[in-house]
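Participant: The structure under discussion is supplied below as structure tokens; questions concerning it will follow.
The values are calculated or read from the model by the stated rules, or taken from the named source; none is laboratory data. Computed from a prediction, not measured in an experiment: that's the story for all the values here. For neighbour counting, all protein chains shown are included, and Cβ atoms are generated from backbone atoms with ideal geometry for every residue, glycine included. Accessible surface is based on the protein model in full, side chains and every heavy atom, while ligands, DNA and RNA are left aside. Shrake-Rupley method; radii C 1.70, N 1.55, O 1.52, S 1.80 Å.
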Amino acid sequence: VTATQGPAVFASLAWYMVSVICALAIHAFIVLPLIIRFVANRNPLQFAKAMSPALLTAFSSASSNSTLPLTLTCVEERAKISNRISSFVLPLGATINMDGTALYEAVAVLFIAQLHYGHNLPLADQIIVALTALLASIGAAGIPHAGLVMMVIILQALNLPLEMQGIIIAVDRVLDMCRTSVNVWSDSCGCAVVSHMETRTA
């Protein structure tokens, strides 16, 4: 990367990392806690404390699938959600609820496009990126670096060179850990919402 792009590319990579981490932080620390508080009617801090072992494991392993058994344990034993709900919601969420991955893929493709073209994409192309990232994340496996594989679909949709992925691979592991934690946290929040809805309608 240094040979082809020059050392200035690392400044761009730093801003890219900041953008992804800030976006994930807004989703994890503002959007999802608001859902926990006002939709699931739970204390977000207490729920996060109950889920902390699963979240830390997701961060260290960067795999929502390998974290799934611990997530089930935390939801049932620490958050007191029934096995009937958790055993359905969490495996389903680990398969299709990849909001952290979708957010990351959108930012990554926009970064690659700006680096390649030298300017921002038109609004229509940005909408294509957002929708394609959402759909591609549903098919992503819950293993490390799965987002990079699915990103190929988005790059092809915008006619961007696939080799541009090589620029972001150097920093992908750290971002993968962050987005996996967001994925697991979101699955847990969904579980709490379903549990509250069932309790309210029972």
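Participant: Working from Cα positions, state the angle (0 to 90°, nearest 10) between the long axis of helix 146-157 and the longest principal axis of the chain.
Facilitator: That works out to roughly 50 degrees.
Participant: Something else now. Please list, short to long, the whole-number percent of alpha-carbon pairs of the stretch 91-202 in consecutive 10 angstrom bins beginning at zero.
Facilitator: For the stretch 91-202, the pair-distance distribution reads 14, 43, 27, 11, 4, 1.
Participant: Can you tell me, using C-alpha contacts under 8 Å and at least 6 residues apart, the relative contact order of the chain as a whole percent?
Facilitator: 34 percent
Participant: Calculate I(q)/I(0) for the chain by the Debye formula, one identical point scatterer on each C-alpha and no solvent, and give its log10 at q = 0.10, 0.13, 0.17 Å⁻¹ to two decimals.
Facilitator: -0.44, -0.70, -1.07
Participant: Hey, another quick one. GNM on the chain, C-alpha springs below 10 Å: top fluctuator among Ile127, Ile154, Ile35?
Facilitator: Ranking Ile127, Ile154, Ile35 by mean-square fluctuation puts Ile127 first.
Participant: Share of the chain's accessible area from carbon and sulfur, percent, 1.4 Å?
Facilitator: Answer for the chain: carbon and sulfur cover 68 percent of the accessible area.
Participant: Now for a separate question. What is the distance in Å between the Cα centroid of the stretch 10-36 and that of the stretch 103-141?
Facilitator: 16 Å
Participant: Mind putting a number on the dipole of the chain about its Cα centre? Charges go on the C-beta only, +1 for Lys and Arg and -1 for Asp and Glu, and I need it in Debye to the nearest 20.
Facilitator: 640 debye
Participant: So, one more: On the full set of protein chains, 1.4 Å probe, figure out the accessible area of Val149 and give it in Å² to the nearest 10.
Facilitator: 100 Å²
Participant: Please work out the average accessible area per residue across the stretch 1-138, using the 1.4 Å probe convention, and give it in Å².
Facilitator: 53 Å²
Participant: Taking the simple approach of a point 7 Å from Cα along Cα-to-Cβ for both Ile26 and Glu198, what is their distance in nm?
Facilitator: 3.4 nm
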